[in-house]
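Beneath this line is the structure, given in structure tokens, with notes to follow.
The values are calculated or read from the model by the stated rules, or taken from the named source; none is laboratory data. A quick note: this is a predicted structure, and the numbers were derived from the prediction, not measured. Cβ coordinates were reconstructed from backbone atoms using ideal geometry, including for glycine residues, and neighbour counts include every protein chain displayed. Side chains included, ligands, DNA and RNA excluded: accessible areas come from the protein's heavy atoms. Shrake-Rupley method; radii C 1.70, N 1.55, O 1.52, S 1.80 Å.
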Amino acid sequence: MAKDEIEHIRTERPSASAATLAAQRGLGDWIDTLATKQGFGWKKSRDCRLYFFKGGLVVTAQDSYMAAYDWETVRVLQYRRTVNGAPSDACSTLIDPAGNALNIGYGRPPLFKSDKAALGITSWVNGPGFLYPHMWGDHIQKWVTHTQLAGTIARIQRGETVNFGPYTVDQRGVSDKKNSAAWTEINEIGFTLGSFMFNGHQKRSTAPESANAYVIPNLDLFVKLCHHLSPYVKG
């Protein structure tokens, strides 16, 4: 097993300012601390921290930047890219309810202005390249799903419409700008070459078109929701 090069930081408790912000946002107990690489080449960012709490996270960056996100309200874009079969870019974009986006990890999702507008992104900050982006990226997705799934299902059952970037979900089915399909018409979901698709093996389908996975906020939550709402999607 590879050595954890920030093992000495993982037990580092949040700074006073980060702890205060977390308390103000009701994030609960602190769990873990992550950082960037600590070598000389990372001098400008080696004091940046990613603090995990039971109810969310706090990010600190250069120039006294600090932001908090709770699992109840955050939207997260996940971008991962491979080169010649090997992992390359891996980052997550955290979007608060006001539309302020913070990108952390390695790389940056290739969003167009139209993508940002559709997602309601009003500002963008490129944050630190924290180590182990696959690990903490999966953790973020897992906790967003754990926290938001039941409430999202309840909203849909009350007749509300919920947006996931290019897709709109309600009791009847799922739609995009061009197509719509009832949940009973959705029998397959999956990924291919970084894109999410419905009914991928059907030659004829009224299902929404495929979309880049990185433009779908809270991707894991969306996938779990599709499994719950379609009587035919297995998994």
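Some points to look at:
- Surface share of carbon and sulfur [accessible, 1.4 angstrom probe, percent] for region 98-235: 53
- Cα centre as origin, Lys/Arg/Asp/Glu Cβ charges: region 119-235 dipole, Debye: 180
- Qualifying lysines (Cα of each under 16 Å from Cα of LYS3; at least 8 residues distant if same chain): LYS37
- Cα gyration tensor category, rounded, prolate or oblate, for region 40-111 with a/c compared to 1.5: oblate
- Only one item in [x] 1.23; [y] 1.07; [z] 1.12 matches Cα Rg over 2.2 N^0.38 Å derived from the coordinates shown, and that item is [y].
- Between ASP89 and ARG10, the modelled label-to-label distance comes to 2.9 nm, taking each label 7 Å out from Cα in the direction of the beta carbon.
- Beyond 26 Å in Cα-Cα separation lie the following of the pairs LYS116/LYS178; LYS44/LYS116; LYS54/LYS224; LYS177/LYS224: LYS44/LYS116.
- With the whole protein complex present, GLU7 retains an accessible surface near 110 Å², based on a 1.4 Å probe.
- Residue-normalised accessible area of the chain, expressed per residue, 1.4 Å probe, Å²: 54
- Using a cutoff of 8 angstrom between alpha carbon atoms and counting only pairs six or more residues apart, the relative contact order for region 119-235 works out to 23 percent.
- Amide H contacts for GLY129 (H built 1.01 Å from N in the peptide plane; partners 5 or more residues away or on another chain; cut-off under 5 Å): GLY105.
- Each Cα pair under 8 Å and six or more residues apart adds its separation to the average, and for region 1-155 the resulting relative contact order is 17 percent.
- Cubic angstrom per residue, convex hull over Cα atoms of region 96-226: 122
- Summing Cβ point charges (Lys, Arg +1; Asp, Glu -1) relative to the Cα centre of the chain gives a dipole of roughly 360 debye.
- Near ILE121: Cβ cut-off under 14 Å, other residues only, Lys/Arg at +1 and Asp/Glu at -1. The net charge is +2.
- Taking a ≥ b ≥ c as the square roots of the eigenvalues of the Cα gyration tensor, region 160-235 is classed as rounded, since a/c falls below 1.5.
- Solvent-accessible area, 1.4 Å probe, carbon plus sulfur percent, for region 13-68: 50
- Relative contact order for region 21-105, counting Cα pairs under 8 Å that sit 6 or more residues apart, in percent: 19
- For ARG172 and PHE112, the FRET efficiency from 1/(1 + (r/R0)^6), where r spans their Cβ atoms and R0 equals 35 Å, is about 0.75.
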